[in-house]
1. Among the residues of segment 158-175, is any closer than 19 Å to Ala79 by Cα and modelled with pLDDT under 85?
2. Only one of (1) under 21 Å from Lys43 (Cα atoms); (2) in contact (Cβ under 8 Å) with a residue 40 or more places away in the chain; (3) of a type in the set (A, V, I, L, M, F, W, C) is not met by Leu71, so which one is it?
3. Quick check, is Asp59 part of a loop (DSSP other than H, G, I, E, B) and either in contact with a Leu (Cβ under 6 Å, 6 or more places away or on another chain) or among the hydrophobic types (A, V, I, L, M, F, W, C) (or both)?
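The values are calculated or read from the model by the stated rules, or taken from the named source; none is laboratory data. These numbers come from a predicted model, not from an experiment. So basically every Cβ, Gly included, is an ideal-geometry build from the backbone, and we count neighbours across all protein chains shown.
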Amino acid sequence: MKNLSPYKKCPRCKERCFQHEKACHECGLVFDRLNYTSNKSAKKLILKGNYKDTIKTADWPPDAKKSTALLLCIFLGYAGAHNFYLGRFIKAAVSLFGFVLAIAMVILTDYIYGTNLWYILRIIAIIPGTCVLIFWFSDLVAIIFEKYKIPVAINEDLYKLKNVVLADSGSEPVENLKFNKNKKLKENKNQEEPPVLKPEDKIKRNSEVVEKLNAQKNKKRKNKREK
């Protein structure tokens, strides 16, 4: 259903902005840049401890599938699998810790039941165990109704291709694409003028190019290692 509200919420600072605004007047986030973000880029930054260059949004990026996250949440949500998949590592670690403690309690019950150690472990397991159940249920509902906040960050390769439009037919194969020293796509003078694409089609096409280029790089690295 189309959003008829004159306002939209900034995914970074939660400030209410007008629909026509190109950037948030509070934090300065350029909304157009959200079209060039990826979950994979955010996960790399988070693992490095860089949270300031990531934002959380309810819009699913191209490299994160709702169906995969939903299945992981249903069958392995108690261990935080879906949070690991989407880059919510702290939340995932709490769930995994609570799950491991619960397993340990079950295994050790016959050996330490009634001892001081059993009572200590039971007290320790209450908080993370409760968090596991809360996170599991709330995340499941959030994913189903598309309210789950996914960390994303600018995909530099995709952002560099934001002004590139590739034709459906007659365009150069991906393996023949040439880049200059600044990693900008070189113009092919013999190539026919490509048709005008919609912004969403343009972003999708550029994203496919980036994926194929990355696949080629990985293939070359693998061949070098084998040699």
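1. Filtering segment 158-175 for residues closer than 19 Å to Ala79 by Cα gives none.
No.
2. Every listed condition holds for Leu71 apart from (2).
3. Details: part of a loop (DSSP other than H, G, I, E, B): yes; either in contact with a Leu (Cβ under 6 Å, 6 or more places away or on another chain) or among the hydrophobic types (A, V, I, L, M, F, W, C) (or both): no.
The answer is no for Asp59.
Residues checked against (1) in contact with a strand residue (DSSP E or B) (Cβ under 6 Å, 6 or more places away or on another chain); (2) of a type in the set (Asp, Glu); (3) buried (at least 16 other Cβ atoms within 10 Å of the Cβ); (4) in the same structural domain as Arg88 (by TED's automatic domain parsing):
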site	(1), (2), (3), (4)
Ala23	yes, no, no, no
Gly28	no, no, no, no
Ser41	yes, no, yes, yes
Asp53	yes, yes, no, yes
